[in-house]
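I have placed the structure first, in the form of structure tokens, so that the comments after it can refer back to it.
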């Protein structure tokens with residue numbers, strides 16, 4: 001079979017919508033277009049029914065009850081609602097929040113804003129494997145701690161945090177536990193009961209659903225979590241999130257969740273197999289390549305590799321028929337290399353050479369082989385061009401060089 | 001990010017990639033940038049001490065496509081020029097030729113730095129030679 005180019009292997013950024021999801025959504029644009037909040041005609045009832053069905057599909061995927069699912073515009077909003085909403089609601093109880101350094105910006109920047117409002121935030125460090133230390137967490141807890149927010153799995157390195165253990169600690173101490181579950185949902189088992197999760201942020205577009213729709217699970221029993229709404233209006237979604245529901249999007253989210261529920265076990269094995277094949281091919285042909293983060297506690301479809309002495313953007317330029325992303329500064333708006341890799345203790349020199357591969361439902365083994373070969377070819381070519389590779393081969397210790405960086409840096 | 005055709009051309013067909021013997025008294029080596037900053041350029045020139053003409057130029061670069069293109073272009077430009085002419089090459093010339101966007105201007109700055117560093121290195125070698133020569137005469 002001929003390979004169709006370009007190949008998409010950046011499924012942590014977003015995923016294509018599954019055709020079955022598109023099909024499920026279609027009637028809700030023109031035919032069943034009603035407002036789910038319209039209580040007195042059949043258009044509204046049809047929309048409401050569809051929303052409730054989706055709520056149940058999503059709830060099932062995380063072992064929650066439908067009423068605990070609050071629809072939002074996406075996980076950024078869910079993270080904002082969970083953290084700001086809890087901080088405001090439980091202000092009397094305390095003002096301390098615990099999170100960690102490799103969270104998504106939607107969590108980090110939300111916490112930073114709360115700091116301006118007088119909250120105290122502890123940012124736990126991570127080890128070389130990308131995971132927090134549970135002892136650090138225990139030590140960080142104070143009588144003022146009201147919320148722990150630790151992501152389920154990281155978007156750059158795919159590393160899975162010790163969620164069950166964190167949930168257990170939070171429960172014992174009577175502290176709310178929120179997790180950003182965006183990368184984990186539909187990829188690995190997420191169970192709010194088993195994991196003692198009080199709130200989890202979810203989004204549709206990372207699991208083959210549409211963009212612009214997300215959810216926040218908010219526990220209703222043991223304990224009943226209350227949140228201060230961050231958007232005021234018609235009092236939709238149990239008063240936690242006003243705004244007319246995005247019915248087609250929600251239907252798509254529900255369908256996407258249902259597909260994941262049915263296919264996740266098989267799909268994760270397939271993706272893991274392809275991911276390992278990609279990794280093994282690269283490691284067989286290239287020296288001086290390094291995996292960033294734990295290989296044991298990792299999403300099955302993620303691999304993040306530093307190709308020493310080859311700058312990430314130039315590598316991306318060489319494999320321009322493959323869509324992946326890099327932790328290099330040159331590919332970001334900030335001109336700073338990945339803060340995630342930095343937090344792992346990956347040197348900035350290696351952070352500049354990192355590539356994230358995110359496999360997905362629609363990737364094939366042929367594509368994996370093609371990508372592996374392209375990467376090998378381009379890395380070898382760019383190393384021929386790299387003064388650093390030449391110096392390293394001559395046995396020069398690059399870390400001991402006195403580099404004359406230009407004033408720009 | 002879209003690259004200009006010229007950047008792509010230099011990236012795909014870099015000119016004058018390679019290494020000159022750095023201990024050769026007529027070879028100047030400029031190594032600029034830092035791995036932590038994501039770009040390191042090494043520019044080398046072989047300069048005729050009689051005519052001051054740059055007879056050969058080679059580069060190797062660790063960096064983005066624009067950094068590779070800037071240094072590749074620099075080797076093309078310095079070849080055949082006198083030391084004085086090469087010193088007059090400015091980063092803005094490189095920016096213009098490669099149509100570099102503002103975020104990539106530092107690549108051109110680095111290329112200019114590399115040219116100057118290579119020439120400085122050659123000059124300092126010459127100065128040492130001279131001192132050595134005059135010292136030996138003094139004996």
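The values are calculated or read from the model by the stated rules, or taken from the named source; none is laboratory data. Model, not experiment: these values are computed from the prediction. In this analysis, Cβ positions are derived from the backbone assuming ideal geometry, glycine residues included, and neighbour counts consider all displayed protein chains.
Points to keep in mind about this one:
- Residues of segment B:36-52 that turn out to be out of contact with any helix residue (DSSP H, G or I) (no Cβ under 8 Å at 6 or more places or on another chain) and part of a strand (DSSP E or B), as a count: 1
- Helices (runs of 4 or more DSSP H) fully within segment A:294-374 counting 2 or more residues that are at the interface with chain B (Cβ under 9 Å from one of its Cβ atoms) and closer than 22 Å to residue B:101 by Cβ: A:312-318
- Filter result for residue B:46 (farther than 22 Å from residue A:315 by Cβ and in contact (Cβ under 8 Å) with a residue 24 or more places away in the chain): yes
Each row is one residue, and each column tells you yes or no for (1) touching a strand residue (DSSP E or B) at 6+ places or on another chain (Cβ under 7 Å); (2) buried (at least 24 other Cβ atoms within 10 Å of the Cβ); (3) within 12 Å of chain A (Cβ to nearest Cβ); (4) at positive phi.
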position: B:26; (1), (2), (3), (4): yes, no, no, no
position: B:32; (1), (2), (3), (4): yes, yes, yes, no
position: B:38; (1), (2), (3), (4): no, yes, yes, yes
position: B:49; (1), (2), (3), (4): no, no, no, no
position: B:54; (1), (2), (3), (4): yes, yes, no, no
position: B:62; (1), (2), (3), (4): yes, yes, yes, no
position: B:65; (1), (2), (3), (4): no, yes, yes, no
position: B:76; (1), (2), (3), (4): no, no, no, no
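- The set of residues in segment A:326-353 that are within 18 Å of residue A:103 (Cα to Cα) and at pLDDT 90 or above comprises A:338, A:339, A:340, A:341, A:342, A:343, A:344, A:345, A:346, A:351.
- The residues of segment A:375-409 that are in a loop (DSSP other than H, G, I, E, B) and facing chain B (nearest Cβ under 9 Å), listed by number, are A:385, A:386, A:401, A:403, A:405, A:406, A:407, A:408, A:409.
- Only one entry of B:22, B:104, B:58 meets the criterion of being within 14 Å of chain A (Cβ to nearest Cβ), part of a loop (DSSP other than H, G, I, E, B) and either at pLDDT below 95 or surrounded by 15 or more Cβ atoms within 10 Å (Cβ to Cβ) (or both), and that entry is B:22.
- Condition met for residue B:70 (more than 9 Å from every other protein chain (Cβ to nearest Cβ) and either closer than 17 Å to residue B:117 by Cβ or surrounded by 15 or more Cβ atoms within 10 Å (Cβ to Cβ) (or both)): yes
- Looking only at segment A:176-194, residues that are in contact (Cβ under 8 Å) with a residue 60 or more places away in the chain, surrounded by 22 or more Cβ atoms within 10 Å (Cβ to Cβ) and either over 24 Å from residue A:266 (Cα atoms) or touching a strand residue (DSSP E or B) at 6+ places or on another chain (Cβ under 8 Å) (or both) come to 11 in all.
- Breaking point among (1) away from every other protein chain (no Cβ under 14 Å); (2) under 24 Å from residue A:17 (Cα atoms); (3) exposed (fewer than 15 other Cβ atoms within 10 Å of the Cβ), for residue A:253: (3)
- So residue A:289, is it touching a helix residue (DSSP H, G or I) at 6+ places or on another chain (Cβ under 7 Å), in contact (Cβ under 8 Å) with a residue 12 or more places away in the chain and more than 12 Å from chain B (Cβ to nearest Cβ): yes
Residues checked against (1) modelled with pLDDT of 95 or more; (2) within 29 Å of residue A:132 (Cα to Cα); (3) in a helix (DSSP H, G or I):
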| site | (1), (2), (3) |
| --- | --- |
| A:46 | yes, no, yes |
| A:49 | yes, no, yes |
| A:56 | yes, no, yes |
| A:76 | yes, yes, yes |
| A:94 | yes, yes, no |
| A:98 | yes, yes, no |
| A:102 | yes, yes, no |
